[in-house]
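What follows is one structure encoded as structure tokens, with my remarks underneath.
What follows is calculated from the coordinates using simple rules that are stated; it is not laboratory data. Remember, it's a predicted structure, so these values are computed and weren't measured experimentally. Quick reminder, even Gly has a Cβ in these numbers, built from the backbone with ideal geometry, and neighbours come from all protein chains shown.
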Amino acid sequence: MLADIRSDTVTKPSRAMRQAMADAEVGDDVLDGDPSVRLLEDRIARLLGKEAALFFPTGSMGNLVGVAVHTTPGSEVLVDSNAHIMQGEMAGVATMSSIQFRLVPSSEGRSIMCAEDLRRSIRPVSKHNPLTTLICLENTHNGAGGAVTSISESRMMGAIARDAGIPVHMDGARLWNASAAAGVPIAEFAACADTVMLSLSKGLGCPVGAILVGDASTMDRAHRIRKRVGGGMRQSGVLAAAALHALDVNLDRLSDDHANARLFAGLVEGAAGATVVPPDTNIVMVDLPPSVTASDVAAKAREMGVLISVWTPSRIRAVAHLDVDADIMTQAAAVVRSAIEACAA
Ligand SMILES: Cc1ncc(COP(=O)(O)O)c(C=O)c1O
């Protein structure tokens, strides 16, 4: 196998990360606390400029609890129509919090909601409509090809929400990438939301983990709800140690992934008429010519040693990550290019 570029979740923990995990000081995090988890939560809370943080096994559970802390049953949550929290988490949020999503349509020609779209979607409180108890943002935006919502747009959305008295939860699974790409400290993005979920198992290369940040009283409620959904983990310091190692070693290299995504995109662009969405970060979406299907291209690329994702019937996705360098991405691009050309022939 030359490369698995289906996702940034496929990375394997490095030897040094495994060593850090083996050496972790641990305790019972459900009883009286695990020292490595405390260290990680304190470090990330400080980095994000929030009062408290809570470690989760997955981003989906972090989002589940992040929504539950703000909402009441029978209310609605405003969300981008292509958001992962609505499209890719098995309706967990709707099931657990008994909310309904109201989808915010994006303006013509845009793939994600902007501040103006959000402003238009906020309606006056009435006895006929469910109360809007939360706004969900996603940055970077997975479905839009790792697109970054800029800090100015994010601030505008935060201000619109504040003026309307509605809290904001940010699905920041890849907010690390947004910060690196924009050259803006991550705390500035986090300041636009009340709670933020960040994945540790994507660009940072941990085997497991996500974190939720917010103010102390909100995170106190989050702690109880995490227990309710079975997220209380005992000697979880072995996992937190991987994340502490990743913050030391892998955080500062995310722009390498972005450069590799751009390299790949440039090499695939135009293959038999395919068009590439220019990547803001580490995700590359390739729209195939009309006669070519994504599943055929993925199967052909697999035969040639490269794994890519089928995103829609006419779109493939490739993601640059820690375990692929510029040389491998160059070779992978040549494979994907010839797979597209072979399918188009
Ligand atoms: C934007 C976004 N949010 C949340 C998640 C969920 O994370 P997890 O797979 O850790 O549950 C993902 C996973 O791909 C994602 O891309």
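Overview of results
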item: Cβ-derived FRET efficiency at R0 51 Å, V184 paired with V125, nearest 0.05; result: 0.90
item: Relative packing of 193-203, 103-113, 160-170, which averages over residues the other C-beta atoms within 10 Å, highest first; result: 193-203, 160-170, 103-113
item: Backbone HN-Hα couplings from phi across segment 290-295 [Karplus 6.51/-1.76/1.60, Hz, Gly and Pro as x]; result: x, 7, 10, 9, 4, 5
item: Candidates G49, G66, G145: whichever shows maximal mean-square fluctuation once the chain is modelled as a Gaussian network with Cα springs under 10 Å; result: G49
item: Point-to-point label distance, R15-S107, nm (Cα→Cβ direction, 7 Å offset); result: 5.3
item: Helix-derived mean residue ellipticity, 222 nm - over the chain, DSSP H n ≥ 4, -39500 (n - 2.57), to 500; result: -12500 deg cm²/dmol
item: Whole-Hz couplings from phi, Karplus 6.51/-1.76/1.60, listed for segment 146-163; x for Gly and Pro; result: x, 5, 8, 8, 5, 5, 5, 5, 4, 5, 5, 5, x, 5, 4, 5, 4, 4
item: Length added when fully stretched, A259-V30, from 0.36 nm per residue minus Cα-Cα; result: 78.3 nm
item: Mean-position separation - Cα centroids, segment 211-263 and segment 1-76, in angstrom; result: 3
item: Simple Cβ-charge dipole of the chain, Lys/Arg +1 and Asp/Glu -1, about Cα centre, in debye nearest 20; result: 680
item: For R174, net neighbour charge (Lys/Arg +1, Asp/Glu -1) across residues whose Cβ lies under 14 Å away; result: -3
item: Percent of beta bridges antiparallel (DSSP, segment 35-159, rounded to nearest 5); result: 10
